[in-house]
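The structure under discussion appears below in the form of structure tokens.
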Amino acid sequence: MSEIKVLSKEVSELIAAGEVIDRPASIIKELLENAIDAGANVITVEIKNGGRTYIRVTDNGKGISKEDLPTAFLRHATSKISVKNDLDSIMTLGFRGEALASICAVSKVDVLTKRPEEDYGTHYVIEGAVEKTCEECGCPDGTTFVVRDIFYNVPARLKFLKKDVSEGNFAADLVTKLTLSHPEISFKFIRDNKVEILTAGDGKIYSAVYSVYGRDFANSMLEVDYTWQGMHITGFTVKPLSAKPNRRFQNFFVNKRYVKSRACAAALEEAYRNLLMTGKFPACVLYIDIPPNTIDVNVHPTKIEVRFSDEKLMHEAVFFAVKNSLMKNDRPNEMHLEN
Ligand code: ADP
Ligand code: MG
């Protein structure tokens, strides 16, 4: 009698979903990235009970046709890449075709979507990966996803969620990062019927920072604009006297994707060495533009960790970009370190 069996689709889907979706904030991340990839310039996120019972993401992007909707929820179904070589030149936030499949495996999803060129939209309902409704309806251009009762069918996962307020804070942090990554998009974040974040979407980094971190932070910023070896680093870092009590305010965006990078964080701290009191940490909002073939975003299903083909070069670029701004601040009338 054989001992080894291929898992049923239901079980393997739940395992795969667990890699992408571990809490309400990961659903919000995926839905927001899809909205951004769809070309939206107005995006609203609403959550209730930390996102545990209710998440809504509404965008005014290109919408999904009725014909494509069921396919969009299949694993490895994407409109963003098609052949192997496309993996070397990824400019969209998504490309793995896993998010919608993962989300619908562990929650109850309602979609209302309409493409601007079509007369009717579609209402689609899918629960635990089982399609319930797919019918024509009238609705505005763009897409609304409502995701209810995350992990209703995976009690083990549900148990590991933190209190609603903590889950809501994870969601708010995530929206903050995406807001900063795309200052040209107007974001609204509503938590339990209260608007917490509202950005103008005027394309100015300063106004996005002002909206999410407040006036004091925005006014303590030093501009960064540095070009080196095919990399362009722009954005802001803060005056040493305005350093923060933790690392939460360190933001790195590579090709408009929020990333966690040890190389970038270490370079930032090195640039501030000897300028900060103990217990203080630098803050920044830095946009790093590099050729897409010098970065591998396909390291982890959530794509938040990336690998640079030359980590040392990246470290040096961030270090000099930040150091340069700090020196200009220190000695505004003197010569400064040039590119
Ligand atoms: P990926 O983003 O990696 O392509 P997803 O599972 O997140 O995979 O989405 C599957 C497909 O559904 C996308 O490639 C896109 O074509 C479509 N899609 C998802 N969300 C939206 C949206 N908000 N607006 C338009 N199309 C969308
Ligand atoms: Mg996606």
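Read the figures in this text as sums done on the coordinates, not as results from a lab. Keep in mind that what you see is a predicted model, and the values were worked out from it rather than measured. Here the Cβ is made from the backbone with ideal geometry for all residues, glycine too, and neighbour counts use every protein chain on show.
Which distance in Å, rounded to a whole number, links the C-alpha centroids of region 81-118 and region 54-76?
So the separation of the two Cα centres works out to 7 Å.
Got a sec? How would Val209, Val6, Val125 order by Cβ neighbour count within 10 Å, fewest to most? It would help to have the intermediate numbers written out before the result.
Numbers: Val209 26, Val6 7, Val125 16.
Going from sparsest to densest Cβ surroundings: Val6, Val125, Val209.
In which sequence would Ile64, Ile43 go, from the one with the fewest C-beta neighbours within 10 Å to the one with the most?
The most exposed by this proxy come first: Ile64, Ile43.
Between 0 and 90 degrees, rounded to the nearest ten: what's the tilt of helix 24-37 against the longest Cα principal axis of the chain?
Long axis of 24-37 versus the principal axis of the chain: about 80 degrees.
Could you give each residue of region 271-285 its phi-based ³J(HN,Hα) in whole Hz, using Karplus coefficients 6.51, -1.76, 1.60 with θ = phi - 60°, and x for Gly or Pro?
Running phi through 6.51 cos²θ - 1.76 cosθ + 1.60 with θ = phi - 60° gives 5, 8, 3, 6, 9, 10, 6, 4, x, 10, 10, x, 10, 6, 10 Hz.
Set the Förster distance to 45 Å, then compute FRET efficiency between Met1 and Arg262 from the Cβ-Cβ distance, nearest 0.05.
Rounded to the nearest 0.05, the efficiency is 0.40.
Specify which residue in the list Asn49, Val318, Pro116 is farthest towards the positive end of the charge dipole of the chain, using unit charges on the beta carbon of Lys, Arg (+1) and Asp, Glu (-1), about the Cα centre.
Asn49
Once the piece of chain linking Leu74 and Glu10 is laid out straight, how much longer is it, given 0.36 nm per residue of separation minus the C-alpha distance between them? The partial results should precede the final answer.
Numbers: separation 64, 0.36 × 64 = 23.04 nm, distance 1.28 nm.
Length difference between fully extended and current span is 21.8 nm.
Going by the alpha-carbon gyration tensor, a ≥ b ≥ c the square roots of its eigenvalues, is the chain rounded (a/c under 1.5) or, if a/c is not under 1.5, prolate (a/b greater than b/c) versus oblate?
Numbers: a/c = 1.87, a/b = 1.71, b/c = 1.09.
Prolate is the answer for the chain, as a/c is 1.5 or above and a/b outweighs b/c.
Order these peptides, 244-256, 130-142, by their mean beta-carbon neighbour count within 10 angstrom, highest first. Before the final figure, lay out the partial values.
Details: 244-256: 17.2, 130-142: 13.8.
Going by the mean number of other Cβ atoms within 10 Å, highest first, we get 244-256, 130-142.
By its C-alpha gyration tensor, with a ≥ b ≥ c as the square roots of the eigenvalues, how is region 79-134 shaped: rounded for a/c under 1.5, else prolate for a/b larger than b/c, else oblate? Write down the numbers at each step before the final one.
Details: a/c = 3.24, a/b = 1.43, b/c = 2.26.
Oblate is the answer for region 79-134, as a/c is 1.5 or above yet b/c matches or exceeds a/b.
Report the far tail of the P(r) of region 1-139, meaning the percent of Cα-Cα pairs longer than 27 Å. Mind showing how you got there, number by number?
Working: 2103 of 9591 pairs.
Roughly 22 percent, rounded to a whole number.
Taking the alpha-carbon centroid of each part, what is the distance from region 219-288 to region 1-40 in angstrom?
32 Å
Apply the Karplus curve 6.51 cos²θ - 1.76 cosθ + 1.60, θ = phi - 60°, to the phi angles in region 133-146 and return the couplings in whole Hz, x for Gly and Pro.
Whole-Hz 3J(HN,Hα) from phi for region 133-146: 9, 8, 9, 5, 7, x, 6, x, 4, x, 9, 10, 9, 10.
Relative to the longest principal axis of the C-alpha atoms of the chain, give the angle of the C-alpha long axis of helix 164-181, reported between 0 and 90° and rounded to the nearest 10°.
Orientation of helix 164-181: about 60 degrees from the principal axis.
For every other residue with a beta carbon closer than 11 angstrom to the beta carbon of Glu184, add +1 if it is Lys or Arg and -1 if Asp or Glu, then tell me the sum.
+1
Please arrange Leu112, Leu32, Leu180 by how many other C-beta atoms lie within 10 Å of their C-beta, fewest to most.
In order of increasing Cβ crowding within 10 Å: Leu112, Leu180, Leu32.
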